Amino acid sequence: GKMRFPKPEPEAFDAYEPAELQAAFVNAIQAHLDQVAAARGYGDPDGRFAMLSCCTYAASQHPRFGADGRAAVTWRDEVWQVGRTIESDVLAGRRSIPSLEELIGELPVMVWPEV
């Protein structure tokens with residue numbers, strides 16, 4: 001199953017290997033991307049691959065799907081850029097491990113285009 005996101009207790013940093021922390025960040029961020037895209041109606045019936053599915057519409061000529069896809073590609077880049085900065089700061093000991101809610105709260109918010 002998916003790794004649970006570590007709690008931000010002071011001793012938690014020592015309890016996790018860097019690879020475990022990196023996997024936790026990637027899983028948490030990817031799950032958030034997929035949840036946002038799934039809520040917009042993308043992905044399979046279980047919401048899997050929702051962000052990937054949405055981004056494939058970036059080249060679409062369809063007014064709504066194309067606009068969604070382009071916006072999703074831009075947002076995904078921004079989310080990963082911020083997420084990787086948070087991750088590197090945690091791994092370097094510059095900050096404590098955020099809770100899942102704190103992590104998601106620091107990521108850019110998706111604003112879907114109005115078509």
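The values are calculated or read from the model by the stated rules, or taken from the named source; none is laboratory data. All of these numbers come straight from a predicted model, not from anything done at the bench. No Cβ is skipped: glycine too gets one built from the backbone with ideal geometry, and neighbour counts run over all protein chains shown. These area figures cover heavy atoms from the full protein model, side chains too; ligands, DNA and RNA do not enter into them. Shrake-Rupley method; radii C 1.70, N 1.55, O 1.52, S 1.80 Å.
For the peptides 83-93, 51-61, the ranking by mean Cβ contacts within 10 Å, running from highest to lowest, is 51-61, 83-93.
Between Arg70 and Glu114, full extension at 0.36 nm per residue minus the direct alpha carbon distance yields a gain of 14.6 nm.
Arg48 contributes about 130 Å² of solvent-accessible surface, heavy atoms of the protein only, 1.4 Å probe.
The value given for the chain is a Kirkwood hydrodynamic radius of 15.0 Å, derived from the mean inverse Cα-Cα separation.
Entry note, region 28-103: relative contact order of 20 percent, from Cα contacts under 8 Å with a spacing of 6+ residues. The calculated FRET efficiency for the pair Leu52 and Ser96, based on their C-beta separation and a Förster distance of 41 Å, comes to about 0.85.
Give me the dipole magnitude in Debye, nearest 20, for the chain about the Cα centre, with unit charges on the beta carbon: positive for Lys and Arg, negative for Asp and Glu.
Computed charge dipole of the chain: roughly 380 debye.
Rounded to the nearest 20, the Cβ-based charge dipole of region 72-115 about its Cα centre (Lys and Arg +1, Asp and Glu -1) stands at 180 debye.
Each peptide in 28-34, 16-22, 76-82 was scored by the mean count of other Cβ atoms within 10 Å over its residues; highest first, the order is 28-34, 76-82, 16-22. Here's the picture: charge each Lys and Arg Cβ at +1 and each Asp and Glu Cβ at -1 in the chain, and of Ser88, Gln30, Leu52 the one pushed furthest to the positive end of that dipole is Leu52.
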